[in-house]
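Accompanying notes for the structure given below.
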Amino acid sequence: MSMIASISHNLCIGFGAATGAGDWGEAVIRLALAAVFGGLVGMEREVRGRQAGFRTHTLVCVGSALVMIVSVQFAVHRWIPQTNNAGVNINVDPARVAYGVMGGIGFLGAGAIIHARDELVRGLTTAAALWCVAAIGLCVGFGMYFESACATALVLAVLIVLHRLEEAFPHIRHRVVTVRRPYQPGCIEQVMEFMQMPGVQITGYHYRRTDDLQSADLDVNIAYRQHENYLALERKIEADPLHQLMGSREV
C-alpha cells in the first residue's frame, strides 16, 4: 500500500512538472485513482450480479473525489469581499461539501435496496459498499492516497473474504412452500403433520381455497439449516399423490 501511495505521489509531481500545471495535473491523477479504487469495488459487486455494479461504484467514487477537489479549491481560493469595509475576512469550510456527499449518497444506496413481498430486505451490502466508495472518493480527492488504498483493500477484503467465511457459518434458512391438496374437513392439520420432518421446522402457514372450492393451497413457512433437509421434504411432497407442490421460494 505504501508503494501505491509513493507511486501516486511521484506521478502527481512528475505529471505536474512535465505539463507546468501541477494543480490540475494532480487533480487528474486523483480522479484516475478514484476511478481505479471505485472500479475495484464495483467489479466485485458486478461479478455477484448486484444492483449497483462496476459503473455505478466508479462514478460514485470519481464524483466524490471531484467534489472534494472542488471543495478544497473553495477553501484556498482568494475571495474578494463584496463590501468596502476594511478587515473583512471570508472563511470557507471545505468539509461542508463532504457532509453533503455522505448524506446524499444515502439516496443512491436506498435505490440499491430491494424489499419484495414476503422476502427479506436485499441490497444492504451493496448500499454500504456505495457509502464506503463515496468516502474513498473523498479521501482520494483530498490527496490521502495511502489511506484510500488501505480503505479499498479493507472493503474488498470484507466483500470477498468475509463473504466466504459467512457462507461457511451455519445459519438458518427460511422458505415458503406452497402445497395443494383436495379440501376436506381437517385437511390443514393433515398437511401440517405430513410436512413434519427431521431438520425442518414449520414456523407458520396460511391457506386459501381454490376458485372451484375443491382444493386448498397452503403457504407453509419453514426453517432449516441444511439444504438437504429441504430437498428431502420436497421429494416427499412430490412422491405423495395426495399433495401437489405448487411452488417454493426462499425468504
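Just so it is clear, none of the values below were taken in a lab; they were calculated from the coordinates. Keep in mind the model is a prediction, meaning the values are calculated, not measured. Cβ placement follows ideal geometry from the backbone for every residue including glycine, while neighbour counts extend to all protein chains displayed.
With the simple model of a label 7 Å out from the Cα in the direction of the Cβ, Arg249 to Met43 spans 3.5 nm. Remark: the Phe146-Met102 segment gains 13.8 nm on full extension, using 0.36 nm per residue and subtracting the alpha carbon distance.
Taking the Cα centre of the range 173-250 as origin, sum charge times position over the Cβ atoms of Lys and Arg (+1) and Asp and Glu (-1), and report the length of that vector in debye to the nearest 20. Could you put the intermediate results ahead of the total?
Numbers: 10 positive and 11 negative charges, 42 e Å.
Dipole size: approximately 200 debye.
Label-to-label distance, Lys236 versus Val158, with points set 7 angstrom from Cα along the beta-carbon direction: 4.1 nm. Working from label points 7 Å from Cα in the Cα-to-Cβ sense, the His206 to Gln226 distance is 3.3 nm.
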